[in-house]
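Below you'll find the structure, written out as structure tokens, and then a few comments.
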Amino acid sequence: MTDNYQRIATAIHYLRDHFKQPPSLADLANSVGLSPFHMQKLFTQYTGISPKRFCQFMINNEAKQHLLSSHDSLLTTSEKLGLSNPSRLHDLMVSVDALTPNQYRQRCSRLSISYGEYPTPFGRCLLATTRRGICRLEFIMTTRHEALNRLRDSWPDANLYHDPRAGENIIQQIFFNARIDRPLSLYLKGTNFQLKVWQALLNIPHGYLTSYSVIASRAGEQKACRAVGSAVGANPIAYLIPCHRVLRSDGGMGGYRWGEDRKLMMLARELVEP
């Protein structure tokens, strides 16, 4: 699955570089070493749409106009950006147990964290959980060792245990439509401002987009767009706290901590899910 994800990420990057003169399916397939048949099948499996439709929806100016039905501003409010009915991911019940740094120092000096590495449709990830809930979910950009170091830095006083079985059901619920028997719990540590921003992100429905300015307003800090961007970038729970649904006010992608190609893949998949 990891090799296939890399092929699709490379294909997305190729499409972004050539969208003004869209490549043929054969050229796209050749860029990643696949046959046209397997390119079409694998791309559709990962993104939910064909390469041609991906270009139309996610890359060129016409796609942006489609997203908003507006020619003057690419983002106003998240309510205007509804692209599909709320679906499975939005229906996931998520409860949040949040701590400020001071509360963490007082209460969690002996916290136990189980972690493991898992395949997902968007590449391999590191998931870390406590008895209170998920405390970290990040896509592995380079090596598991670096991801594990970031986990240690985030929870320096915790005891870490490698136990992949502890997170298997959670991964199935988040990424593979497994039956949800109980709410997913998040155990977050951050400043009061970060926690407000992450809660605002959790309120973005599946299939919707929003802007940093809208998130700032919902966090009660209308003029703090730059600070909101920093808080979004510090989001410790990839995908489930959907920072990939936040764009710049001019409609630009706005970057993504775990790679812009991955962000495009997530958004394309959400656009077409029922």
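Condition test on ARG131, is it open to solvent by 60 Å² or more (accessible area, probe 1.4 Å), free of Cβ contacts under 8 Å to residues at least 60 places away in the same chain and under 20 Å from LEU184 (Cβ atoms)? Judged against the criteria, ARG131 is a match. Here PHE175 clears all of (1) closer than 25 Å to GLN6 by Cβ; (2) open to solvent by 60 Å² or more (accessible area, probe 1.4 Å); (3) in contact (Cβ under 8 Å) with a residue 40 or more places away in the chain; (4) not hydroxyl-bearing (Ser, Thr, Tyr) except the condition numbered (2). Return a yes/no flag: does segment 232-249 have any residue that is modelled with pLDDT under 85, in a helix (DSSP H, G or I), open to solvent by 20 Å² or more (accessible area, probe 1.4 Å) and out of contact with any helix residue (DSSP H, G or I) (no Cβ under 7 Å at 6 or more places or on another chain). For segment 232-249, residues modelled with pLDDT under 85, in a helix (DSSP H, G or I), open to solvent by 20 Å² or more (accessible area, probe 1.4 Å) and out of contact with any helix residue (DSSP H, G or I) (no Cβ under 7 Å at 6 or more places or on another chain): absent.
Within segment 199-228, the residues that satisfy the criterion of being open to solvent by less than 30 Å² (accessible area, probe 1.4 Å) and without any contact (Cβ under 8 Å) to a residue 60 or more places away in the chain are ALA200, LEU201, ILE215, ALA216, ALA219, ALA224, VAL228. Of the residues screened, TYR161 is one that is open to solvent by 50 Å² or more (accessible area, probe 1.4 Å) and aromatic (Phe, Trp, Tyr). Regarding THR129, is this residue modelled with pLDDT of 90 or more and within 30 Å of GLY220 (Cα to Cα)? Criteria met by THR129.
The values are calculated or read from the model by the stated rules, or taken from the named source; none is laboratory data. In this text, all values refer to a predicted model and were calculated from it rather than measured experimentally. No Cβ is skipped: glycine too gets one built from the backbone with ideal geometry, and neighbour counts run over all protein chains shown. Protein only, heavy atoms only, side chains kept; ligands, DNA and RNA dropped before computing areas. Shrake-Rupley method; radii C 1.70, N 1.55, O 1.52, S 1.80 Å.
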